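The values are calculated or read from the model by the stated rules, or taken from the named source; none is laboratory data. Not measured: the values here are computed from a predicted model. Note that each Cβ is placed from the backbone with ideal geometry, even for glycine, and that neighbours are counted across all protein chains shown.
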Amino acid sequence: MTIGSCPFQAGIHAVDELHEDLRTRGAGVHEAELPDGSPVWVITGYDAVTRLLADPKVSAAKADSTTGFRGNKLPPALDANLLNLDGDAHRRIRRLATEAFGPRNHPAQERVVIDAVTELVDALPDDGEIDLMNGLCEPLPPRVTGELLGLPREQLGDFRAASAPLLRVNTGGDETRTSMGIMLRLVSDVIADKRREPGDDLLSAWIAARDGEDRLSENELVGLAFITIVGGFENTISLTAYVLDELIREHQAHAREILDNPAEFEALIRRLIRAAAPMNYAIRRFPLTDIEINGVVIPRGHTVLASLRSAHLDPAGAGRPDVVFGHGRHYCLGAKLAELQTRHAVRAVLHKYPHLSTVAPREDYQLRPSWQTYALAELRMTTV
């Protein structure tokens, strides 16, 4: 079934309705066009999406496209990142990255999160209207990811500005190319600085792996830093903002009752994270052979997008692992870190303010102009 560019409307609140319509229409497998005119298949439903994302016969590497997929035209050094790799290279780099975000590092990372949240929430106004987007949600992930990577704090604003266009509707345009050029310079400069003066941070450890054990090529080193920055910044901003908004609107009284019960509060935040589901689609895939999904044959090398939102909405997913952070071998490595930031941000806001109210219906909030995510562009609350 051909549906044109409909699935890629940007900055709309009715994303659940759109993806549910795609899931329940026909076989739930649709031909469409990306905003740049590229042909694409859209796959919907929990079972189809999770099978696709776990299928070893489906690749994330752009080199496996047979239709000339363009996507973001990144510089080669940024293009060599985990989202664009599969096979042996992906496994080798992911093992190294997994060490950095593994359970043994969670306590140290949680301390970084708590310190950043405390500083930001302390700086918020004591009463009146509170701008939680600019005061907390936007600066928190760059602060946390920046400290873990070892990025200079005075340059975090530059890194955030360079990363933001990647998820906007005009992906692949002049703005994105300019921003990615800036990002390449920023990452290359900080790597050079870390080579001269290593620190106790992830970049220094990855440089040591590159220069000492030769576990990374130079482009892979830059690409790993790049994707950690982009993933650590943008998606966590969207997640934290939505969870805060949803909790204050619908669960504030209950959240305050269990605020001092860590297990119950953590469970509530996890449920809200599942409800938030900011990513509409997983990163595109390319079948390595013709594949059949729900009776529809998708040819080798065609671009396929899996609708994570439709999987989230599908009753077939009830009681099964959620897909908020993806599924399969490309599951988000920073999922635990994103959860930590969201949980501690919400807890600190509730502790500071005995009562909060939203200032407008969510449908009145501006959204970031992206078809890939459902992301609030503003979050204002009042103590009145």
Among the residues of the stretch 270-297, what is the count of those that are more than 16 Å from the chain's Cα centre (by Cα) and under 17 Å from L22 (Cα atoms)? 4
Looking at the stretch 65-91, which of the residues that are charged (D, E, K, R) and crowded, with 19+ Cβ neighbours inside 10 Å is modelled with the highest pLDDT? D86
Selection status of L203, crowded, with 23+ Cβ neighbours inside 10 Å, free of Cβ contacts under 8 Å to residues at least 60 places away in the same chain and aliphatic (A, V, I, L, M): yes
Hey, can you tell me all the residues within the stretch 28-53 that are of a type in the set (A, V, I, L, M), in contact with a Gly (Cβ under 7 Å, 6 or more places away or on another chain) and at pLDDT below 95? A32
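State whether one or more residues within the stretch 90-110 are under 16 Å from E234 (Cα atoms), within 18 Å of the chain's Cα centre (by Cα) and of a type outside the set (K, R). Lay out the reasoning, then the answer.
Residues of the stretch 90-110 under 16 Å from E234 (Cα atoms): none.
No, there is no match, as no residue in the stretch 90-110 is under 16 Å from E234 (Cα atoms), within 18 Å of the chain's Cα centre (by Cα) and of a type outside the set (K, R).
Would you confirm, using the coordinates I've provided, whether L132 is within 30 Å of P39 (Cβ to Cβ), buried (at least 20 other Cβ atoms within 10 Å of the Cβ), under 22 Å from the mean Cα position of the chain (by Cα) and not acidic (D, E)? Spell out how you get there, then give the answer.
Working: within 30 Å of P39 (Cβ to Cβ): no; buried (at least 20 other Cβ atoms within 10 Å of the Cβ): yes; under 22 Å from the mean Cα position of the chain (by Cα): yes; not acidic (D, E): yes.
The answer is no for L132.
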For V384, only one of the following conditions fails: (1) at pLDDT below 95; (2) within 27 Å of G232 (Cβ to Cβ). What is its number? (2)
If a residue has to be at positive phi and surrounded by 14 or more Cβ atoms within 10 Å (Cβ to Cβ) to count, how many in the stretch 312-335 make the cut? 2
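Taking the stretch 109-140 only, how many residues are part of a helix (DSSP H, G or I) and either in contact with a Leu (Cβ under 6 Å, 6 or more places away or on another chain) or not acidic (D, E) (or both)? If you could, list the steps in order and put the result at the bottom.
As a first pass, look at the stretch 109-140 and keep what is part of a helix (DSSP H, G or I): 109-122, 132-137, 140.
When the remaining residues are screened for being either in contact with a Leu (Cβ under 6 Å, 6 or more places away or on another chain) or not acidic (D, E) (or both), the result is 109-114, 116-118, 120-121, 132-137, 140.
Total meeting the criteria: 18.
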Between residues in the stretch 323-335 that are under 13 Å from M279 (Cα atoms) and residues that are outside any loop (DSSP other than H, G, I, E, B) and of a type in the set (D, E, K, R), which pairs lie under 7 Å by C-beta distance while being six or more apart or on different chains? V324/R274
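This table checks each residue for (1) without any contact (Cβ under 8 Å) to a residue 60 or more places away in the chain; (2) in contact with a helix residue (DSSP H, G or I) (Cβ under 7 Å, 6 or more places away or on another chain); (3) not β-branched (V, I, T).
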position	(1), (2), (3)
D55	no, no, yes
K62	no, yes, yes
F69	no, yes, yes
L83	no, yes, yes
G87	yes, no, yes
G102	yes, no, yes
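Matching residues to (1) crowded, with 20+ Cβ neighbours inside 10 Å; (2) of a type in the set (D, E, K, R); (3) more than 25 Å from the chain's Cα centre (by Cα):
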position: L216; (1), (2), (3): yes, no, no
position: V222; (1), (2), (3): yes, no, no
position: T228; (1), (2), (3): yes, no, no
position: G231; (1), (2), (3): yes, no, no
position: L239; (1), (2), (3): yes, no, no
position: L244; (1), (2), (3): yes, no, no
position: A253; (1), (2), (3): no, no, yes
position: E266; (1), (2), (3): no, yes, no
How do the pairs read when you match residues in the stretch 126-147 that are at pLDDT below 95 with residues anywhere that are not in a helix (DSSP H, G or I), using Cβ under 9 Å and keeping only pairs 6 or more apart or on different chains? P142/L151; T145/L151; T145/G334; G146/P152; E147/D201
